[in-house]
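What follows draws every value from the coordinates through simple rules; no lab data is involved. Since the model is a prediction, treat every value here as computed from it, not as a measurement. With ideal geometry, Cβ positions are generated from the backbone for all residues, glycine too; neighbour counts draw on all protein chains shown.
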Amino acid sequence: MKEISLIRNKKLYSIFFVEIAEILNKEIFYSQKKNKFLVTLIKIYITPDMNLIKVYISIYPFLDKNILKSIRFKSRFYRKILSHRLRYRVKKIPKLDFFAVV
């Protein structure tokens, strides 16, 4: 039984990782007008109760607190996009919380 849950967790991890990376890439690409920066998804951590996904990102060329603040502000919007994309594959869409990795 433990093997099944490990396989399930790996599948969920990979699904969420790919979808969050695509959402960040698309939304940041279209939202940046003057500022040129790159946001890279480093890793995600899903809590065991599926209530929260901790998303660790890297901002290039330098860590800007305003960029991280705007990404955190839009986390509900990103969750909504995620729920539309995964509506037939995942029952519960966890909340997203973003952290910057230096």
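Things worth noting here:
- The smallest convex shape that holds all Cα atoms of the chain, its convex hull, gives 96 Å³ per residue.
- For the set Lys54/Lys80; Lys10/Lys69; Lys43/Lys95; Lys65/Lys91, the pairs lying more than 27 angstrom apart at their alpha carbons are Lys10/Lys69; Lys65/Lys91.
- On Cα atoms only, tilt of 75-85 relative to the major axis of the chain in degrees: 50
- For the chain, DSSP calls about 55 percent of its internal beta bridges antiparallel.
- Here each label is just a point 7 Å from Cα along the line to Cβ, and for Phe37 and Glu22 those points are 2.5 nm apart.
- The range 2-100 - percent relative contact order, Cα under 8 Å, separation 6 or more: 28
- Considering only Ser58, Ile71, Leu6, the residue lying farthest towards the positive end of the dipole of the chain is Ile71, judged by Cα position with unit charges set on Cβ.
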